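These notes concern the structure reproduced below.
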Amino acid sequence: MVSFKKIVDFYLRSSIHVALSVYALVRMTHFMFNISEDAPMANFAFLGTIVGYNFVKYDALARAKKNQMRTELKLIAILSLFSLFGVGYYFFQLQLHTQIVSLVFLTLTLLYTLPAFPNRKNARNWAGVKIYIVALCWVGVTLVLPLINAGVPLEADYYLKCIQRFILVFNLILVFEIIDLSNDDPHLQTVPQQIGVKNTKMVGLLLLIPFYLLEFLKHHFIQEQLIVNAVLVLVLALFLVFANEKRSKYYTSFWVESIPIFWWLLLVFF
């Protein structure tokens, strides 16, 4: 009988959980900009995240040990294949300009995983760059693509939300980098490697101030959104403060990646 722990581990390792986080942020974008139901966009982001993340995590391993792949990795490969078919199906339901912009973020993902030139490192191993590429991709998929697909004018509120979303994802990645500090290659030059854990936490906490205050600059801000954002800032601050290298892998892979889902559910309940 398969244990509950194995099911949870497969759920996390197959990138379903992080894909739900992306899905939640797309739904947040729909709510914030009063976009009516756009299931193809949300499903495209969800399935695309499964494909993209699994490609980033397992591509090299699968190519190196394709004849020795364990059962779990084979199941992840099957899930990714079906997700890829789903991505193709929903891709052709998007607006043409959305399709074109999505290819830009696909290129970034490939650049992140595969070397752009022979005998060169991929972007994932470029010193100090990883966090910015990942945050930029998340902003693109969860905010830029949904708005372009819905034909929303890219006015001042759009740029404010881009900054907010970037800060949110940047802070989430900071927690990951703190937890992974002892395992990360020193040449990666992650934020904690460059400025230390204490200063990294301070940077993250300070960034939460503009994240919250930017909401007041919107042309039409919703009072409930301010309350929800205050709760989000508190939760994220606590995860930052209590992050350390001794934390369990579930601290980040489950709980931290649950924060966007929690944020979305707060809005649903409010």
Taking into account only those residues within region 1-57 that are of a type in the set (K, R) and touching a residue at least 60 places away in the same chain (Cβ under 8 Å), which is farthest from I76 (Cα to Cα)?
-> R27
Looking at region 50-73, which of the residues that are modelled with pLDDT under 60 and in a helix (DSSP H, G or I) is least open to solvent (accessible area, probe 1.4 Å)?
-> A62
Just give me the residues in region 12-29 being assigned to a helix (DSSP H, G or I) and open to solvent by less than 10 Å² (accessible area, probe 1.4 Å), in sequence order.
-> H17, V18, A19, S21, V22, A24, L25, V26, M28, T29
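Residue-wise test of (1) among the charged types (D, E, K, R); (2) touching a Ser or Thr at 6+ places or on another chain (Cβ under 7 Å).
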| position | (1), (2) |
| --- | --- |
| S3 | no, no |
| D9 | yes, no |
| S14 | no, no |
| V22 | no, yes |
| V26 | no, yes |
| E37 | yes, no |
| M41 | no, no |
Quick one: in region 190-228, which of the residues that are closer than 22 Å to A156 by Cα and among the polar types (S, T, N, Q) is most open to solvent (accessible area, probe 1.4 Å)?
-> Q223
Just one of F166, F170, F239 is farther than 19 Å from T29 by Cβ, at pLDDT 90 or above and among the aromatic types (F, W, Y); which is it?
-> F239
Just to be sure, is F239 in contact (Cβ under 8 Å) with a residue 12 or more places away in the chain, out of contact with any Asp or Glu (no Cβ under 6 Å at 6 or more places or on another chain), within 23 Å of V141 (Cβ to Cβ) and open to solvent by 30 Å² or more (accessible area, probe 1.4 Å)?
-> yes
Identify, please: which residue in region 129-183 is over 18 Å from the mean Cα position of the chain (by Cα) and small (G, A, S) and is, among those, surrounded by the most Cβ atoms within 10 Å (Cβ to Cβ)?
-> A150
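The values are calculated or read from the model by the stated rules, or taken from the named source; none is laboratory data. Predicted, not measured: the structure shown is a model, and the values here were computed from it. Don't worry about glycine lacking a Cβ; one is built from the backbone with ideal geometry, like all the others, and counts go over all protein chains shown. With ligands, DNA and RNA removed, areas are computed over all heavy atoms of the protein, side chains included. Shrake-Rupley method; radii C 1.70, N 1.55, O 1.52, S 1.80 Å.
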